[in-house]
Amino acid sequence: MRLPTIVLNLKAYPEAFGKRGRALAKACESVAEDTGASIVLAPPMPSLADLARHVRLPVFGQHADAVEPGARTGWTPPEALREAGAAGTLLNHSERKIPRKNVVALVPRCRELGLEVILCADDLAEATSLAGLRPDYVAIEPPELIGGDVSVTSARPEVVAGAVERIHAVDARIGVLCGAGVKTTKDVRKAVELGTIGVLLASGVVIAKDPEKALRDLVKGLR
Ligand code: G3P
């Protein structure tokens, strides 16, 4: 994905379902086309293929399962994400943690499939440990700040800066994202100033009164 970037995690908000999700994605596409900003969407799984086909933005999975394709009812192997048109996937989000052995298995498998991987970490120790798996990106998101109105960049700048330092000490090629409570241009700008390649966010756009306007304000922080 182009950097710096805003990765919009649509989670399981009803605003992201079906036709409403398509309309939200098209609004995000307009913002990206008008501003040149890099915006990536991580929609609910049922919408992924539709958005990959009809919206000119990279789409990522919110999760993938460490199972082989086959008789696996209700599971989503990374091959299914690729065939649906995904460019990558989040893994281990604090709202969808997976066992470490699954992360260990999925990172190389996604790489072989051409899927970029954003590993999500709750804290510095986890971020450092996950960096050792050499994903494309690590996103640090203190769970207690998720969904709130205080950005991780103002509440815990030392955690963001510390994550950049520790992750790059493991491998300088890994891009660092931060998220949780990111709501304003200033929050995004601060994230970039702290050394990240962008932010992972959700409620500041998905459930905003005017999602398109909210996103237009946020992308100004990438400049
Ligand atoms: O994946 C990003 C998400 O967990 C952050 O949520 O609502 O604080 O932007 P939010």
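Would you mention how many residues in the stretch 1-33 are in a helix (DSSP H, G or I) and within 20 Å of Val192 (Cβ to Cβ)?
3
Being farther than 14 Å from Ala191 by Cβ and either part of a strand (DSSP E or B) or within 13 Å of the ligand (Cβ to nearest atom) (or both) is the filter here, so list the residues in the stretch 126-149 that pass it.
Going through the stretch 126-149, the residues farther than 14 Å from Ala191 by Cβ turn out to be 126-136, 143-144, 146-149.
Listed by number, the residues that qualify are Pro143, Glu144, Ile146, Gly147, Gly148, Asp149.
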So Asn92 passes all but one of these: (1) surrounded by 16 or more Cβ atoms within 10 Å (Cβ to Cβ); (2) farther than 20 Å from Ile140 by Cα; (3) not acidic (Asp, Glu). Which condition number does it fail? (2)
Might you let me know whether the stretch 41-58 holds any residue that is at pLDDT 95 or above, open to solvent by 10 Å² or more (accessible area, probe 1.4 Å) and under 17 Å from Val176 (Cα atoms)? no
Which listed residue is of a type outside the set (S, T, N, Q), more than 27 Å from Ala16 (Cα to Cα) and surrounded by fewer than 18 Cβ atoms within 10 Å (Cβ to Cβ), from Val164, Val170: Val170
Filter result (more than 15 Å from the ligand (Cβ to nearest atom), closer than 14 Å to Ala191 by Cα and out of contact with any helix residue (DSSP H, G or I) (no Cβ under 6 Å at 6 or more places or on another chain)) within the stretch 150-174: Pro157, Glu158, Ala161, Val164, Glu165
When Pro157 is evaluated against the numbered criteria (1) surrounded by fewer than 21 Cβ atoms within 10 Å (Cβ to Cβ); (2) under 17 Å from Asn9 (Cβ atoms), which criterion, by number, is the only one it fails? (2)
Can you tell which of Lys11, Lys97, Lys26 is free of Cβ contacts under 8 Å to residues at least 12 places away in the same chain and surrounded by 14 or more Cβ atoms within 10 Å (Cβ to Cβ)? Lys97
Could you check the stretch 185-223 and list, in sequence order, the residues that are at pLDDT 95 or above and open to solvent by 60 Å² or more (accessible area, probe 1.4 Å)? Lys186, Arg189, Lys190, Glu193, Ile207, Lys209, Asp210, Glu212, Lys213, Arg216, Lys220
Might you check whether a residue that is over 18 Å from Leu201 (Cβ atoms) and part of a strand (DSSP E or B) occurs anywhere in the stretch 160-172? no
Hey, can you tell me all the residues within the stretch 138-154 that are within 13 Å of Cys120 (Cβ to Cβ) and open to solvent by 30 Å² or more (accessible area, probe 1.4 Å)? Pro143, Ile146
Identify, please: which residue in the stretch 112-125 is open to solvent by 10 Å² or more (accessible area, probe 1.4 Å) and touching an Asp or Glu at 6+ places or on another chain (Cβ under 8 Å) and is, among those, nearest to the ligand (Cβ to nearest atom)? Asp122
Subset of the stretch 176-203 (residues that are more than 12 Å from the ligand (Cβ to nearest atom), more than 18 Å from Ile118 (Cα to Cα) and not basic (Lys, Arg)): Thr185, Glu193, Leu194
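The values are calculated or read from the model by the stated rules, or taken from the named source; none is laboratory data. Remember, predicted model here, so these are calculated numbers, not experimental data. So basically every Cβ, Gly included, is an ideal-geometry build from the backbone, and we count neighbours across all protein chains shown. We work out accessible area using only protein heavy atoms, side chains counted, and drop any ligands, DNA or RNA first. Shrake-Rupley method; radii C 1.70, N 1.55, O 1.52, S 1.80 Å.
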